1. Taking the highest mean first, how do the peptides A:106-115, B:141-150 order by number of other beta carbon atoms within 10 angstrom per residue?
2. Counting partner chain Cβ atoms within 10 Å of every residue's Cβ in A:197-210, what's the average?
3. Please give every one of the lysines within straight-line cross-link reach of A:Lys106, meaning a C-alpha to C-alpha distance under 21 Å, and leave out same-chain neighbours fewer than 8 residues apart.
4. Could you order A:Asp162, A:Asp197 so the one with the most accessible surface comes first? Probe is 1.4 Å.
5. Calculate, in whole percent, how much of the Cα-Cα pair population of chain B lies beyond 29 Å.
6. Give, to the nearest whole percent, the P(r) tail of the protein assembly as shown beyond 35 angstrom, counting all Cα pairs.
7. Assuming 0.36 nm per residue, please report the length gained on full extension of the stretch A:Val280 to A:Asp103 beyond their Cα-Cα distance.
8. Quick one: check the C-alpha center-to-center distance for the stretch B:1-47 versus the stretch B:99-141, whole angstrom.
Amino acid sequence: MKKFKFLVTYGLKKRVARKSFLIANIVIMLLFVAIVNLPTIIGWFGSDEDEMTNVYVDVYNETTMTAIGADLETILNEPFEGYEYYVFSEQNGTFDADAFWEDAEKNVVLVISGTVSSPSIDIYSKMPEYNQMMMSQLELLIINYQIDDYQSPTFNAIMAPDYEDPEEEAALSSLMSLLVLPLFILITMATQFVGVDIIEEKSTKAIETIIASVPAKLHFLSKIAASISFVLIQGLLILVYGGIAALVGNLSAQSGSVMPSGFDSHLLLYLSDLLPNWPVILMISLLFVVVGTLFYLVIAALFASMAVTQEDYQQFQSPLMLMLLGGFYIGIFAPLVDGYGFMKIMAFVPIFTPMVAPIAYASGIMTLLEAIIALVVMIGVLIGSLYVVSPVYKVAILSYDQTKFFKRVKSYFKKAFTKTKVTDKKDV
Amino acid sequence: MLEVKNAKMMYGDLVAVDHLTFTIKPGDIFGLLGTNGAGKTTTFRMIMGLLEPTEGEVIYNGGKVGYHNVNEIGYMIEERSLLTKITVKELMLYFGQLKDMDPKLILERLDYWLERFSIVDYKNKKIKELSKGNQQKIQFISAIINNPKLLVLDEPFSGLDPINTELFVEVIRDFQKKGSMVVFSSHQLDHVESFCEEICVLEKGKAIISGSIDQVKKDFKKQNIHIVGDVDVEVLRGIKGVYKVIENSNGLIVKIENEDVSKDVFNYVKTCDHITKYDVEQASLSEIFIAKVGQIHEEV
């Protein structure tokens with residue numbers, strides 16, 4: 001136990017007490033501040049939205065305020081600051097909501113009913129982002145009709161049954177980046193570290209001196225433990241960077257930055273509104289990170305033990321890195337192309353689970369129960385891989401066999417699972 | 001005491017070590033010799049418990065070598081096995097703590113050994129910055145930093161100049177005096193001969209020579225006679241039992257089949273003039289090695 005503790009501490013110190021760790025963390029922190037405050041940064045450079053949008057509004061007016069539609073058109077189109085031009089048309093007859101939702105040309109319908117003193121306005125809108133502006137202007141106009149009996153109108157905003165809030169989509173997309181990026185960075189870093197650490201000891205032959213002093217299994221587990229401790233420390237730091245990024249966002253908002261329409265001061269505040277269950281999401285994501293990273297570490301350690309040189313290891317680990325990259329892209333792009341079904345399936349494939357499942361759960365593609373099932377599957381695969389990899393590692397770590405990869409793998413597995421005589425020193 | 005009892009090690013169909021038996025007692029220096037691929041490193045790995053023999057056993061102080069007694073063993077492998085990106089001090093702290101040593105004690109002993117090997121200035125230098133010989137010294141120090149009771153050295157003199165070789169020999173002798181068991185391999189047979197009591201020569205995994213050096217030489221029977229004086233080489237060559245006569249600047253070396261032949265040679269030499277040297281010597285270890293290994297190769 002003493003040697004295990006020493007090896008873990010040694011491995012961790014080797015990673016953390018380095019200039020490269022400090023530099024990497026400064027870069028990660030800056031990256032986080034930039035991503036979280038991306039809307040603010042975009043705002044500094046102005047908006048690209050310079051095209052005029054026509055908003056077609058039909059008015060069904062059942063009250064005596066006959067000129068209200070024309071007045072509203074005048075007010076909304078003056079002083080012409082925005083990039084929308086409102087085209088109002090008065091309609092007679094009864095409003096047919098179903099026909100409106102299917103009509104591609106019309107954007108908004110105002111159904112004004114009730115009395116002057118107690119008006120009621122139904123807003124059927126395919127562009128709800130303009131509702132607030134119309135409501136405030138309508139309220140001001142109606143005051144003119146009410147003279148001395150002021151009564152606030154009752155507004156009822158009705159969205160299309162299949163309406164999806166573009167802001168919410170943008171926010172979810174940002175969420176994908178915010179969640180997937182650190183997951184990817186953490187797992188990649190840990191995988192690289194454990195592999196490089198092992199192959200460094202093996203390629204210099206120092207491994208023989210080390211394995212003469214500690215059991216191969218203990219060496220293997222200590223490398224995994226050191227790397228996962230590193231991931232937890234780095235993960236914690238990333239959370240701190242998230243906090244710093246939020247703080248920077250708040251400060252920039254207070255200083256009166258120009259924001260593009262539809263964005264909050266910074267994404268984190270917006271996302272906390274969007275995902276009120278964020279503590280559960282965070283906890284589930286952390287569990288996936290830990291279990292998923294452990295799985296990748298076990299595989300990376302196996303590859304490193306089978307490699308003889310650094311170059312060997314770089315070749316062996318390429319498929320692993322591609323799998324990680326695959327998970328990264330699935331996590332980011334599957335929701336954007338409505339590939340929810342595909343994403344859900346991938347969330348249960350262990351090699352992709354650590355990257356995909358947290359996103360699938362956070363974006364509502366997976367239920368909590370499904371996420372827990374994916375986690376249990378992942379834990380099962382991890383335990384299974386530990387059971388398989390540990391004896392193979394014992395065989396491979398002291399071998400300098402340079403035959404072709406698959407031949408080598410076959411030979412190590414054969415030796416490990418026939419009655420092994422290699423590195424079978426008793427750990428008393 | 002270290003006992004290798006009838007140990008056999010197979011890699012698939014290949015017999016790397018074939019029923020090897022020897023014993024090393026406290027204070028013994030044991031030389032394991034052999035050509036490349038003879039099975040020396042495999043034997044060392046079996047001694048260290050890194051490989052378990054396919055047959056037979058290795059007993060250290062009455063039990064198996066395990067991680068419970070590894071702290072009293074020092075092991076130096078044939079090739080450089082150092083982490084080259086760290087400093088000498090960091091390396092010793094790493095390897096020493098793997099043997100449960102206290103960091104303070106490691107540094108104390110490191111200072112002593114660096115002083116003794118005249119490389120004090122390299123304490124905070126990275127291993128990769130050191131010369132091959134100095135790296136060898138560091139590797140040797142890493143094997144002895146825990147004051148081992150059993151010292152396993154695979155080619156310890158490889159890459160060393162004569163002065164440093166002598167330094168290593170001195171240190172090994174110091175461990176011998178303290179009662180440590182030393183087992184080592186070397187291609188430099190003159191060193192083996194100079195300070196080993198017991199040897200074992202491996203060829204293709206089999207022990208072809210085994211026992212004390214004196215006994216091995218006696219058993220070999222062939223002897224050398226060093227003669228300086230006016231003798232007729234052709235007459236010497238004609239004596240039955242003389243199989244080779246070598247002329248060099250220091251005189252003649254007459255190689256004879258056995259001790260009895262020396263009488264015939266002497267009977268001739270005493271008839272010659274100006275004889276200043278007549279010395280009967282046992283065959284050198286190197287000769288025995290070449291003769292025995294060559295014999296095996298001829299048989300194959």
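The values are calculated or read from the model by the stated rules, or taken from the named source; none is laboratory data. Only a predicted model underlies this, so the values are computations on that prediction, with no experimental measurement involved. Virtual Cβ from ideal backbone geometry, glycine too; neighbours counted across all protein chains shown. Remember, those area values only see protein heavy atoms, side chains included, never the ligands or the DNA or RNA. Shrake-Rupley method; radii C 1.70, N 1.55, O 1.52, S 1.80 Å.
1. On the way: A:106-115: 19.0, B:141-150: 21.3.
In descending order of packing, they fall as B:141-150, A:106-115.
2. Numbers: counts 0, 0, 0, 4, 2, 0, 1, 9, 8, 13, 3, 12, 15, 5.
Mean inter-chain Cβ contacts per residue within 10 Å come to 5.
3. Candidates past the 8-residue exclusion: A:Lys126.
4. Working: A:Asp162 125, A:Asp197 10 Å².
Ranked from most to least accessible, the order is A:Asp162, A:Asp197.
5. Working: 20442 of 44850 pairs.
Tail fraction, whole percent: 46.
6. Numbers: 166583 of 264628 pairs.
Summing the P(r) of the protein assembly as shown above 35 Å gives 63 percent of all pairs.
7. Numbers: separation 177, 0.36 × 177 = 63.72 nm, distance 4.15 nm.
Going from the current span to full extension adds 59.6 nm.
8. If you average the Cα positions of each part, the centres end up 29 Å apart.
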